[in-house]
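Asks: Just passing along the structure, written as structure tokens.
The values are calculated or read from the model by the stated rules, or taken from the named source; none is laboratory data. Because the structure is a prediction, the values reported are computed rather than measured. In this analysis, Cβ positions are derived from the backbone assuming ideal geometry, glycine residues included, and neighbour counts consider all displayed protein chains.
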Amino acid sequence: MKLHSHYIVNMETKTHILHTAKVNNNCPECYSTDGLEFTFSQEEVDNKLYSKAKKEVLEELRCEKCDQVIYPVNWTQDIERVYDYNKKLVKPKSAGIKLKPLAYIFILIDTLILAALIYYLK
């Protein structure tokens, strides 16, 4: 929950997996050749009025055999090449704001109130 001036807005963050890829390279930790997997994901902030995807794409290389996250410092050149290829395949969600029906209702009510005020103040 975040507090914005006088309003409490319930915000939920969802993570969407954009692309996953199994990698046949050797794991730098356990040297297994069939456990590495790249995961590219993106977070989305969601509340009652709107949803908005964050611009950043989160990247993770994990070995399923030794259950370790392999950080870029430990990547070999072969892993780097496979990473570059798979990163090109990722299609991130648009970072624009998507209004929900409740937001449109608030906008409509505000417009009607404003129109009524202008009409009566003439």
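Asks: Any residue in the range 34-44 that is small (G, A, S), closer than 13 Å to K22 by Cβ, in contact with a strand residue (DSSP E or B) (Cβ under 6 Å, 6 or more places away or on another chain) and surrounded by 15 or more Cβ atoms within 10 Å (Cβ to Cβ)?
Replies: Scanning the range 34-44, I find at least one residue that is small (G, A, S), closer than 13 Å to K22 by Cβ, in contact with a strand residue (DSSP E or B) (Cβ under 6 Å, 6 or more places away or on another chain) and surrounded by 15 or more Cβ atoms within 10 Å (Cβ to Cβ), so the answer is yes.
Asks: What tally of residues in the range 30-60 results from selecting those that are touching a residue at least 40 places away in the same chain (Cβ under 8 Å) and either farther than 30 Å from K14 by Cβ or of a type in the set (A, V, I, L, M) (or both)?
Replies: Selection size over the range 30-60: 4.
Asks: Working carefully through the options I105, I118, I113, I97, find the one that is exposed (fewer than 14 other Cβ atoms within 10 Å of the Cβ), β-branched (V, I, T) and in contact (Cβ under 8 Å) with a residue 12 or more places away in the chain.
Replies: Result: I97 is the single residue among I105, I118, I113, I97 that is exposed (fewer than 14 other Cβ atoms within 10 Å of the Cβ), β-branched (V, I, T) and in contact (Cβ under 8 Å) with a residue 12 or more places away in the chain.
Asks: Those residues that are more than 18 Å from L89 (Cα to Cα) and in contact with an Asp or Glu (Cβ under 9 Å, 6 or more places away or on another chain), I need them from the range 28-42; list them, please.
Replies: Scanning the range 28-42 gives S32, D34, G35.
Asks: Something else about it: Could you please find all residues in the range 18-46 being among the charged types (D, E, K, R) and within 14 Å of the chain's Cα centre (by Cα)?
Replies: E43, E44, D46
Table: residues versus (1) part of a helix (DSSP H, G or I); (2) modelled with pLDDT of 90 or more; (3) closer than 19 Å to I17 by Cα; (4) in contact with a Phe, Trp or Tyr (Cβ under 7 Å, 6 or more places away or on another chain).
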position	(1), (2), (3), (4)
E56	no, no, yes, no
R62	no, yes, yes, no
C66	no, no, no, no
R81	yes, yes, no, no
Y85	yes, yes, yes, no
K88	yes, yes, yes, no
K93	no, no, yes, no
L102	yes, no, no, no
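Asks: Of the residues in the range 81-115, how many are in contact with a strand residue (DSSP E or B) (Cβ under 6 Å, 6 or more places away or on another chain) and within 30 Å of E37 (Cα to Cα)?
Replies: 7
Asks: Mind checking which pairs have a first residue in the range 62-83 that is of a type in the set (A, V, I, L, M) and a second that is outside any strand (DSSP E or B), Cβ under 7 Å, 6 or more apart or different chains?
Replies: I70/C27; I70/P28; I70/E29; I79/N25; V82/N25
Asks: Continuing with this model, one more query. With the range 1-43 as the region, which strands (runs of 3 or more DSSP E) entirely inside it contain at least 1 residues that are at pLDDT 90 or above and farther than 24 Å from G96 by Cα?
Replies: Here the list reads 12-23.
Asks: Cβ-Cβ distance below 9 Å, separation of 6 or more or different chains: which pairs start in the range 11-27 with a residue that is over 10 Å from Q42 (Cα atoms) and in contact (Cβ under 8 Å) with a residue 40 or more places away in the chain and end on one that is small (G, A, S) and outside any strand (DSSP E or B)?
Replies: V23/G35; N26/S32; C27/G35
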